[in-house]
Ligand code: ADP
Ligand code: ZN
């Protein structure tokens with residue numbers, strides 16, 4: 001029986017598993033993200049043990065970034081300029097490939113999550129989608145024409161610039177690079193700094209939510225007008241606030257103002273913009289889908 005491996009490489013924890021699909025996971029383990037040497041040796045140990053006596057075909061990594069995903073680059077498959085201490089310039093792909101002797105595929109955590117939702121979740125019946133996570137930071141990935149979205153580097157959907165009316169929202173933003181980019185205005189820590197309390201403690205009727213939905217909707221309108229995705233999936237800690245969904249949908253319709261003439265948006269927006277069907281499993285299952293996708297397309 002063919003088995004695939006998956007690694008969700010996150011800034012706080014790593015999740016590893018072997019299996020074939022969400023219903024068939026044979027083994028799974030998680031460890032905190034410490035140093036690359038310590039964490040990656042735990043990853044290697046896990047796969048050596050889990051693969052023993054089994055037919056492990058390939059491994060996928062959905063990784064925090066930024067990443068070098070240029071196949072021609074000598075440092076392909078490395079984490080590049082992360083502020084995470086010790087992890088900048090970590091050659092995660094090469095290290096794992098050399099230690100485990102199986103093909104390893106790598107992509108951003110959000111491209112992986114998009115691939116998981118496209119393969120097994122909320123975007124199964126469409127050939128393109130975007131997955132956006134709104135949590136400690138904001139990141140987005142996507143599937144376009146049935147393949148993960150790549151370009152010069154990889155999309156940085158959290159760092160787009162949005163109209164920012166400083167009369168109604170004087171908050172300067174917290175992005176260390178741009179101040180008031182989308183992430184700077186709307187990630188979880190931005191909510192905490194603007195309103196003086198963690199996002200999860202802000203009450204239902206707090207004006208924070210209308211403003212948050214306004215910024216998220218502006219960003220979604222930009223993605224709709226540039227990438228034309230057939231579905232948008234919103235995950236991450238801040239989107240645990242379920243009441244954001246109807247506010248975001250209303251703001252998207254208002255902002256587009258009837259211009260994008262698609263029944264998917266005009267008549268079916270509840271399905272068009274939705275939470276991840278795989279919930280918090282989207283990341284690690286995305287890595288599993290990536291292992292299979294890389295293998296099928298190699
Ligand atoms: P990460 O992005 O590091 O993976 P999360 O996706 O869990 O982490 O996002 C963490 C952020 O989500 C924090 O800023 C936190 O304040 C916010 N958050 C967590 N739960 C909720 C909630 N129920 N409502 C709104 N915000 C929340
Ligand atoms: Zn930024």
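The values are calculated or read from the model by the stated rules, or taken from the named source; none is laboratory data. Because the structure is predicted, anything quoted here is derived from the model rather than measured. Ideal geometry is used to build each Cβ from the backbone, glycine not excepted, and the neighbour counts take in all protein chains shown.
Filter region 196-226 down to residues that are surrounded by fewer than 18 Cβ atoms within 10 Å (Cβ to Cβ) and farther than 30 Å from residue 146 by Cα, then give me how many there are.
Taking region 196-226 and keeping what is surrounded by fewer than 18 Cβ atoms within 10 Å (Cβ to Cβ), we get 196-198, 200-201, 203-208, 210, 222, 225-226.
After this cut, where a residue has to be farther than 30 Å from residue 146 by Cα as well, the list is 196-198, 200-201, 203-208, 210.
Final tally of qualifying residues: 12.
Out of the strands (runs of 3 or more DSSP E) lying entirely within region 98-149, which hold 3 or more residues that are closer than 13 Å to residue 231 by Cβ?
Those strands (runs of 3 or more DSSP E) span 129-134, 138-144.
Looking only at region 186-210, which residues are within 16 Å of ligand 2 (Cβ to nearest atom), over 12 Å from residue 137 (Cβ atoms) and touching a helix residue (DSSP H, G or I) at 6+ places or on another chain (Cβ under 8 Å)?
Those that are within 16 Å of ligand 2 (Cβ to nearest atom), over 12 Å from residue 137 (Cβ atoms) and touching a helix residue (DSSP H, G or I) at 6+ places or on another chain (Cβ under 8 Å): 191, 194.
Can you tell me which residues in region 227-250 are away from ligand 1 (no atom under 14 Å from the Cβ) and either buried (at least 21 other Cβ atoms within 10 Å of the Cβ) or within 19 Å of the chain's Cα centre (by Cα) (or both)? Break it down stepwise before answering.
Here is the first cut: in region 227-250, the residues away from ligand 1 (no atom under 14 Å from the Cβ) are 227-232, 246, 249-250.
Matches in region 227-250: 227, 228, 229, 230, 231, 232.
For region 194-210, state whether one or more residues are at pLDDT 95 or above and touching a strand residue (DSSP E or B) at 6+ places or on another chain (Cβ under 8 Å).
Within region 194-210 (the criterion being at pLDDT 95 or above and touching a strand residue (DSSP E or B) at 6+ places or on another chain (Cβ under 8 Å)), the answer is no, since none of the residues qualifies.
Residues 69, 93: which one is out of contact with any helix residue (DSSP H, G or I) (no Cβ under 8 Å at 6 or more places or on another chain), closer than 23 Å to residue 149 by Cβ and in contact (Cβ under 8 Å) with a residue 60 or more places away in the chain?
Of 69, 93, the one residue that is out of contact with any helix residue (DSSP H, G or I) (no Cβ under 8 Å at 6 or more places or on another chain), closer than 23 Å to residue 149 by Cβ and in contact (Cβ under 8 Å) with a residue 60 or more places away in the chain is 69.
Would you pick out the residues in region 171-202 that are over 23 Å from residue 83 (Cα atoms), within 11 Å of ligand 1 (Cβ to nearest atom) and in a loop (DSSP other than H, G, I, E, B)?
197, 202
Quick check on residue 179: is it assigned by TED's automatic domain parsing to the domain that holds residue 137 and buried (at least 19 other Cβ atoms within 10 Å of the Cβ)?
Numbers: assigned by TED's automatic domain parsing to the domain that holds residue 137: yes; buried (at least 19 other Cβ atoms within 10 Å of the Cβ): no.
Taking the combined requirement at face value, the residue does not satisfy it.
Output the qualifying pairs, or none if there are none: Cβ atoms under 6 angstrom, residues six or more apart or on different chains, first residue in region 232-246 and within 16 Å of residue 198 (Cβ to Cβ), second residue away from ligand 2 (no atom under 16 Å from the Cβ).
238/199; 244/213
Within the bounds of region 153-170, is there any residue that is within 16 Å of ligand 1 (Cβ to nearest atom), closer than 19 Å to residue 287 by Cα and crowded, with 19+ Cβ neighbours inside 10 Å?
Looking for residues that are within 16 Å of ligand 1 (Cβ to nearest atom), closer than 19 Å to residue 287 by Cα and crowded, with 19+ Cβ neighbours inside 10 Å, one finds none in region 153-170, hence no.
Would you confirm whether any residue within region 40-58 is in contact with a strand residue (DSSP E or B) (Cβ under 7 Å, 6 or more places away or on another chain) and in a loop (DSSP other than H, G, I, E, B)?
Within region 40-58, one or more residues are in contact with a strand residue (DSSP E or B) (Cβ under 7 Å, 6 or more places away or on another chain) and in a loop (DSSP other than H, G, I, E, B).
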